[in-house]
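For reference, the structure is listed below as structure tokens.
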Number of protein chains: 2
Amino acid sequence: MDFETFNLGKVALQSGATLQDMKLAYKTYGTLNAARDNAIVYPTFYSGTHAHNEWLIGEQMALDPRRYFIIVPNMFGNGVSSSPSNHPQPYDRARFPHVTLYDNVKMQHRLVTEHFGIERLKMVTGWSMGAMQAYHWASMYPQMVERLLPLCGSARCSRHNFVFLEGLKAPLLIDPAWQDGFYDKPPVRGMRAAARVFAGWGFSQAFLRQKLDIEALGFGSLEDFIMNFWEGDFLTKDANNVLAMIWSWQYGDIAANPLFNGDFDRALGSITAKAIVMPGRTDLYFPPEDSAYEVSKMSNAELRPIESIWGHFAGGPVANPVDVKFIDQAARELLES
Amino acid sequence: MDFETFNLGKVALQSGATLQDMKLAYKTYGTLNAARDNAIVYPTFYSGTHAHNEWLIGEQMALDPRRYFIIVPNMFGNGVSSSPSNHPQPYDRARFPHVTLYDNVKMQHRLVTEHFGIERLKMVTGWSMGAMQAYHWASMYPQMVERLLPLCGSARCSRHNFVFLEGLKAPLLIDPAWQDGFYDKPPVRGMRAAARVFAGWGFSQAFLRQKLDIEALGFGSLEDFIMNFWEGDFLTKDANNVLAMIWSWQYGDIAANPLFNGDFDRALGSITAKAIVMPGRTDLYFPPEDSAYEVSKMSNAELRPIESIWGHFAGGPVANPVDVKFIDQAARELLES
């Protein structure tokens with residue numbers, strides 16, 4: 001095991017469900033200094049684990065573990081933290097409760113404060129649903145979050161994003177092998193079909209027009225790209241975990257909690273962190289227009305789109321060196337400010 | 001029956017299949033004049049029939065049946081012309097052969113020349129896959145097509161468009177009720193799931209951001225929009241027909257025939273018609289960038305994007321009055337030139 005586990009004990013979730021022994025898995029990079037003021041929180045994304053966050057961490061990079069103490073909490077449902085696939089009955093498999101991003105960040109806050117005794121965070125960052133969690137951090141704990149760097153994500157799931165995710169779930173839900181989530185063998189055909197749906201959304205039209213699936217990612221053909229990159233990846237995931245994370249994504253909204261009671265503008269206005277907000281210019285489900293609105297309601301934020309044709313994957317573990325460098329420079333600038 | 005049928009007799013398709021008694025259904029609007037020089041051909045789109053093309057025809061519009069003789073041929077696979085759902089065995093249902101857009105337009109050409117004795121066309125237009133057929137007309141019969149008005153379509157299916165369609169097919173192909181296309185009862189769940197996949201693609205992110213599903217289309221909620229607009233529509237279609245038309249779409253390419261042997265630029269260069277090419281600015285699967293390329297290789301074409309947030313539905317039977325007027329004005333300008 002290349003990660004640690006923080007035992008949360010009994011947790012009351014926003015949905016009303018209580019988990020008796022919830023676990024938050026995390027990995028840290030670097031060393032917490034004596035003043036406890038060099039920590040960065042960097043949550044994971046849909047289907048990712050701590051290992052998939054390492055593309056932005058390194059000794060030559062802004063997130064330098066020699067300098068910062070980087071905490072990567074695994075989001076619930078990802079198969080490492082408490083998830084449908086690893087939780088005991090009665091809340092196992094399809095009956096694993098809905099977990100909000102608010103729940104996620106509340107538990108991450110416990111890890112950071114109770115376990116590490118940290119009171120202020122140098123920065124919170126994350127890609128995709130990790131960015132959504134970063135927004136939650138900055139709105140829920142504004143006194144604590146000094147800097148915010150959301151990458152290819154938004155403060156709430158847009159209506160279009162929601163519909164895209166409905167399409168992603170749809171094939172899985174009709175696969176008879178899924179058995180309402182109480183399968184013994186994985187619903188392979190449904191997962192493969194869901195992967196094929198996702199294949200049109202992840203990168204941009206221009207990315208495929210320029211054949212970067214072949215030229216940059218090295219696949220042999222368009223179908224080979226769909227097979228290896230999409231189906232191959234989905235087949236490593238548990239179907240209930242995938243559905244649990246999609247639920248968290250669809251209902252992710254920094255205002256959907258008792259602090260803001262649905263007032264999205266007020267939730268954005270509560271963010272005091274100095275922020276650089278980095279959507280991907282050609283991201284099909286977290287488009288820069290949503291980020292522009294969010295920045296307009298934040299007091300100390302700059303919109304800095306990643307001018308890339310890599311769609312949502314302008315960030316993330318398969319991001320290309322040019323985009324990673326652009327993101328890294330923004331992280332450096334923000335951290336040094 | 002509000003349409004006519006042209007009996008094509010025995011037809012040898014591009015695939016090598018021969019249909020013994022292929023039928024091309026069509027509807028005409030207006031009267032062919034004595035000089036036979038007032039005809040417009042206006043093919044149908046994916047899942048549409050002649051009736052769904054009427055949004056662009058009318059006495060107050062450029063396509064005025066008092067002035068022009070408008071021929072709307074139904075594309076093969078749409079359930080009205082020869083299709084999986086209406087063709088006798090052995091080429092029935094899932095074994096209905098692949099029909100290319102080249103096949104479609106060759107047969108439309110027979111209707112126009114053999115049946116109507118028309119030698120020149122005032123214009124060819126069409127929306128979506130209808131636009132793809134219009135491009136085929138202009139490249140296959142350049143001497144015959146005087147004007148070309150492709151709406152929200154392209155001269156070939158782009159690689160991204162192809163992947164989008166892979167995702168659309170995927171849920172249908174895993175529905176056990178589909179039975180490899182030899183169902184007695186329709187594969188309702190697969191069709192509904194496919195509809196949910198399509199729901200994210202048809203309109204733009206901005207369309208849903210502005211809640212035009214509710215404000216403009218009059219649905220009660222986002223889910224109601226998915227149910228009524230998407231699932232409701234899909235449930236009126238035959239699954240094999242849908243798959244047949246998707247195949248025609250995915251492999252649509254004006255160069256994929258003996259005339260051009262795959263040389264796309266040469267096929268575009270063969271088009272001599274005066275053209276106004278009208279992609280939707282926010283179309284997610286026929287984006288304007290593909291149209292811009294195509295226009296750059298045509299000798300007499302202007303790119304005129306429809307500045308709309310209605311995505312692919314900047315044209316088509318649910319298009320809004322502003323976009324319809326913009327298209328209609330271009331049609332008028334082109335016809336009067």
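The values are calculated or read from the model by the stated rules, or taken from the named source; none is laboratory data. All values reported here derive from a predicted model rather than from experimental measurement. Counting neighbours? That spans all protein chains shown, and the Cβs are built from the backbone with ideal geometry, glycine included.
Checking the stated criteria, A:ILE226 turns out not to satisfy the condition of being aliphatic (A, V, I, L, M) and either in contact with a strand residue (DSSP E or B) (Cβ under 6 Å, 6 or more places away or on another chain) or modelled with pLDDT under 95 (or both).
So which residues in the range B:103-124 are out of contact with any Phe, Trp or Tyr (no Cβ under 7 Å at 6 or more places or on another chain) and in a strand (DSSP E or B)? Selection gives B:LEU121, B:MET123. Look at A:MET140 and say whether it is over 20 Å from A:GLN14 (Cβ atoms) and in contact with a helix residue (DSSP H, G or I) (Cβ under 9 Å, 6 or more places away or on another chain). So A:MET140 fails the test. Would you confirm whether any residue within the range A:149-160 is at the interface with another protein chain (Cβ under 9 Å from one of its Cβ atoms) and over 16 Å from the mean Cα position of the chain (by Cα)? Looking for residues that are at the interface with another protein chain (Cβ under 9 Å from one of its Cβ atoms) and over 16 Å from the mean Cα position of the chain (by Cα), one finds at least one in the range A:149-160, hence yes. Exactly one residue among A:PRO73, A:PRO65 is surrounded by 24 or more Cβ atoms within 10 Å (Cβ to Cβ), modelled with pLDDT of 95 or more and under 21 Å from the mean Cα position of the chain (by Cα), and that residue is A:PRO73. Of the residues making up the range B:313-337, just one is under 16 Å from B:ILE40 (Cβ atoms) and without any contact (Cβ under 8 Å) to a residue 24 or more places away in the chain, namely B:GLU336.
Could you tell me whether any residue of the range B:37-45 is assigned to a strand (DSSP E or B) and surrounded by fewer than 21 Cβ atoms within 10 Å (Cβ to Cβ)? No, there is no match, as no residue in the range B:37-45 is assigned to a strand (DSSP E or B) and surrounded by fewer than 21 Cβ atoms within 10 Å (Cβ to Cβ).
The residues of the range B:5-26 that are surrounded by 14 or more Cβ atoms within 10 Å (Cβ to Cβ) and part of a strand (DSSP E or B), listed by number, are B:THR5, B:PHE6, B:LEU8, B:VAL11, B:LEU19, B:MET22, B:LYS23, B:LEU24, B:ALA25, B:TYR26. In the range B:313-322, which residues are in contact with an Asp or Glu (Cβ under 9 Å, 6 or more places away or on another chain) and buried (at least 23 other Cβ atoms within 10 Å of the Cβ)? Residues satisfying the conditions are B:PHE313, B:ALA314, B:GLY315.
Reported count of residues in the range B:202-240, each being among the polar types (S, T, N, Q) and surrounded by fewer than 22 Cβ atoms within 10 Å (Cβ to Cβ), is 4.
Checked against (1) surrounded by fewer than 24 Cβ atoms within 10 Å (Cβ to Cβ); (2) over 17 Å from the mean Cα position of the chain (by Cα); (3) part of a helix (DSSP H, G or I), A:GLY167 meets all criteria but (1). For the range A:46-102, the set of residues classified as assigned to a strand (DSSP E or B) and more than 18 Å from A:ASN320 (Cα to Cα) consists of A:PHE69, A:ILE70, A:ILE71, A:VAL72, A:PRO73, listed by residue number.
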